[in-house]
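The values are calculated or read from the model by the stated rules, or taken from the named source; none is laboratory data. Only a predicted model underlies this, so the values are computations on that prediction, with no experimental measurement involved. Don't worry about glycine lacking a Cβ; one is built from the backbone with ideal geometry, like all the others, and counts go over all protein chains shown.
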Amino acid sequence: MCPRQTELMTVPPLVLVHGLWDSPRLFRRLEQLLGGARDPLLVPHLSHRLGATPLLDLAERLGKAIEAKFGAEEPIDLLGFSMGGVIARCWLQLLSGEQRTRRFISVASPQQGTLTAQPWPAFLLGGIADMKPGSPLLRRLNDDPHALAGVECLSLYTPTDQVVVPGWKGVLPFGPARTLPVLLHQNVLSAPASLEVIQRELLRP
């Protein structure tokens, strides 16, 4: 067995979290590129009721799915796309997920909010309203982000994102931030150049 294969065998399981109006199918191309190198893999289906379900509720469901698959203590790596990045962050910071997470990659995720969520009332679409700039949930996350300090964090974003607006605010308070070579949100997990960047990060020891 070559050294590279040995390294890949020692990395923890990977959890992928989809975003709004998405499902686990979103990650099929990425899974194909990984070719089993990051198995065991968990891609839970978090039904968000078109954005009505509050993100903290979805984070609780994420935590239950992780525990059902990997037990209560096994370390994991975590990647969240779009709204899924905020769901993942809620689990990390507010539900003690950071205690078992080695690495967190936030991809095109409104970690500081997005103006596209601004028109939607919380009583109707609570999950979307959670992503408004300055929402109570985002204030809670951003006022005390230190739970992330022990996790290796990376933000991948596109400055011209038309869903996360402005795109350059889609970054975490810890860790480096890197731009993706795509213009549009919907191309982040479909364009080969963008997928190559994500694949490279996921295969990094």
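Okay, here's what the table says:
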item	result
Conditions (1) crowded, with 17+ Cβ neighbours inside 10 Å; (2) among the hydroxyl-bearing types (Ser, Thr, Tyr); (3) more than 17 Å from CYS90 (Cα to Cα); number of the one not met by SER23	(1)
Helices (runs of 4 or more DSSP H) wholly inside region 105-205 containing at least 1 residues that are of a type outside the set (A, V, I, L, M, F, W, C), more than 20 Å from LEU30 (Cα to Cα) and touching a residue at least 12 places away in the same chain (Cβ under 8 Å)	126-129, 136-143
Residue in region 121-129 that is in contact with a Gly (Cβ under 8 Å, 6 or more places away or on another chain), surrounded by 15 or more Cβ atoms within 10 Å (Cβ to Cβ) and under 29 Å from ARG200 (Cβ atoms) present	no
Test: residue in region 87-94 that is surrounded by fewer than 24 Cβ atoms within 10 Å (Cβ to Cβ) and either without any contact (Cβ under 8 Å) to a residue 40 or more places away in the chain or assigned to a helix (DSSP H, G or I) (or both)	yes
Test: residue in region 59-71 that is crowded, with 20+ Cβ neighbours inside 10 Å, under 18 Å from ASN142 (Cα atoms) and out of contact with any strand residue (DSSP E or B) (no Cβ under 9 Å at 6 or more places or on another chain)	yes
The one condition in (1) within 15 Å of the chain's Cα centre (by Cα); (2) on the phi > 0 side of the Ramachandran plot; (3) modelled with pLDDT under 95 that SER23 fails to fulfil	(2)
Filter pass, SER82 being modelled with pLDDT of 95 or more, buried (at least 19 other Cβ atoms within 10 Å of the Cβ) and of a type in the set (Ser, Thr, Tyr)	yes
Yes/no for THR116 being of a type in the set (Ser, Thr, Tyr), crowded, with 17+ Cβ neighbours inside 10 Å and within 18 Å of the chain's Cα centre (by Cα)	no
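Residue-by-condition table, conditions (1) modelled with pLDDT of 95 or more; (2) surrounded by 21 or more Cβ atoms within 10 Å (Cβ to Cβ); (3) in contact with a Ser or Thr (Cβ under 9 Å, 6 or more places away or on another chain):
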| site | (1), (2), (3) |
| --- | --- |
| PRO133 | yes, no, yes |
| LEU137 | yes, yes, no |
| ARG140 | yes, no, no |
| ASP161 | yes, yes, yes |
| GLY170 | yes, yes, yes |
| ALA177 | yes, no, yes |
| ASN187 | yes, no, yes |
